[in-house]
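Student: Here it is: the structure, laid out below.
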Amino acid sequence: MIRNPETIQEILLRACERRELLILVTPYLRFESSFLRLEGQEIHVLATMGREDATYGLRNAELRMRFPHGVSFLEAATQLRGFGMVEGRRTLRLAVPEALNEEDHRGSYRVERVGRVPVTFSTPRYDLVVGTLADISTTGARIYSTRDFTEEELQPGADMAVTIPLTDSIRINARVRLRHLQGRTFGVEFRPQLEEAVLQPLSRWVFERREEDRERAARRGGEAAAPLEGIRNVSILPRGLVLVSGDPALEASLQDLLGGLQPLRRVPPTAQALKEAFAQNPALVFFHLPSLGLDERRRLKPMAELLQGRVPFVLLGTGVEGGPLLELGTEVKATIAIVFNPARGTFFQRLVQGVLRRTYEGGESPMVPKEPEGA
């Protein structure tokens, strides 16, 4: 854990100078971005999503950032402070973290999906041997040799040299120390640590591969886990989406977007209809709010109280302002409050996926596709 403010500022400044990649993570969504500028107690990062998506996706008390740094990866809590502009590019203004947590100490994460990468290495006796890369991290690699070795040729602790043309832009020529040997496969540690000119792009490459692995796990549904505390303890996992609304056109739009996730049905906005739907064990409830008038609020509150702590529910506004809707969502303890925009269908679909996954599976939140520059 890094808590020294000067050290944190130095790390963030270097990340901005390198335009380092970072991932912004909430319980329900992930966004790819990159550092741009450090200004006082705020960091400008590239806005790879629209203002609306950032407002609903990132205004979350559990917002975190993670990014590569040296041989490890750092993670920290932050807050969305607002929006800005740097060098003509739209930015998000994030609070400088109070602490950075090193979440990959000593480069423990290893990339196994490396493709066919040839490796040339020399034994302590300076014999040149050809092999292939089995996996790699920021601190070492595992190599498969094309031939066997005698006990005298390779011994753990011996110093060697390797050449690993990982990508067109990452070519490793380094001294290594042999750590373990099993048959034709052996593991090496980069000793000394790789030079910055090689380490920085390698660290980013490993970080990107790790995020890709997390995205694969997210698409598979994540690791199975018990429902979160507060959700009903049932023997059968909740299933089905319920829309509390009198608008059949909204139902049709949601069917198009979410019908492939789980079955969706609409019930009228009455307490009795909601109780009957609740008895059928739904996974998620949408409350449609066509206005934020007093009558709508009065109708919503007792129905929301029925679900609080039992089923996650979303306030889904149409034709209303986002700010007051977010405030109402906080008041009634909604999982999410969002103005429905069919043009942002992919974002909304990923958001619903994230809510379901976090609530019932405990898996990694899904990644939101980047918005084209200038959109």
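The values are calculated or read from the model by the stated rules, or taken from the named source; none is laboratory data. Quantities reported herein were computed from a predicted structural model and do not represent experimental measurements. With ideal geometry, Cβ positions are generated from the backbone for all residues, glycine too; neighbour counts draw on all protein chains shown. SASA here: full protein model, heavy atoms, side chains in, ligands and nucleic acids out. Shrake-Rupley method; radii C 1.70, N 1.55, O 1.52, S 1.80 Å.
Student: Just the number: Rg to Rh for the chain, Cα atoms, Kirkwood Rh, two decimals.
Tutor: 1.08
Student: Using a probe of 1.4 angstrom, how much of the accessible area of the chain is carbon and sulfur, in percent?
Tutor: C and S atoms contribute 47 percent here.
Student: Working from Cα positions, state the angle (0 to 90°, nearest 10) between the long axis of helix 248-258 and the longest principal axis of the chain.
Tutor: With both axes taken from Cα atoms, the answer is about 10 degrees.
Student: For the chain, what is the mean residue ellipticity at 222 nm derived from helices alone (per DSSP H run of n ≥ 4: -39500 (n - 2.57); sum divided by total residues; nearest 500 deg cm²/dmol)?
Tutor: Helix contribution divided over all residues of the chain: -9000 deg cm²/dmol.
Student: Note the full-extension length gain between Thr120 and Gln182 as 0.36 nm times their separation in residues minus their Cα-Cα distance, in nm to one decimal. Spell out each step's value before the answer.
Tutor: Details: separation 62, 0.36 × 62 = 22.32 nm, distance 1.82 nm.
My answer for the length gained is 20.5 nm.
Student: For a quick check of your reading of the filter: which GluC sites (Glu not before Pro) in the range 158-200 sit in a DSSP loop and have no more than 15 other Cβ atoms within 10 Å?
Tutor: Glu195
Student: If the chain between Leu237 and Gln9 were fully stretched, how many nm would it gain, using 0.36 nm times the residue separation less the Cα-Cα distance?
Tutor: 77.5 nm
Student: Counting heavy atoms of the protein chains only and a 1.4 Å probe, report the per residue accessible area for the chain as a whole number of Å². Don't skip to the end; give the middle numbers.
Tutor: Numbers: 18210 Å² over 375 residues.
Accessible area per residue, the chain: 49 Å².
Student: Given the Cα-Cα distance of Glu98 and Ser34 and 0.36 nm per residue of separation, how much length would full extension add, in nm? Walk me through the numbers on the way to the answer.
Tutor: On the way: separation 64, 0.36 × 64 = 23.04 nm, distance 1.95 nm.
Contour length minus Cα-Cα distance gives 21.1 nm.
Student: In whole Å, how far is the Cα centre of the range 311-375 from that of the range 60-82?
Tutor: 21 Å
Student: Separate question: Tell me the GluC sites (Glu not before Pro) within the range 1-84 that lie in a loop according to DSSP and have at most 14 other beta-carbon atoms within 10 Å.
Tutor: Sites meeting the loop and neighbour criteria: Glu62.
Student: Hey, another quick one. Distance in nm between label sites at Glu87 and Ala249, each 7 Å beyond Cα in the beta-carbon direction?
Tutor: Placing both labels 7 Å beyond Cα along the Cβ direction yields 4.5 nm.
Student: Using the beta-carbon distance between Asn173 and Gln308 and R0 = 35 Å, what value does 1/(1 + (r/R0)^6) give for FRET efficiency, to the nearest 0.05?
Tutor: FRET efficiency, Asn173 to Gln308: 0.05.
Student: Treating cross-link reach as a plain straight distance, find the aspartates and glutamates whose alpha-carbon is under 14 Å from the alpha-carbon of Lys275, omitting any fewer than eight places away in the same chain.
Tutor: Reachable aspartates and glutamates: Glu305.
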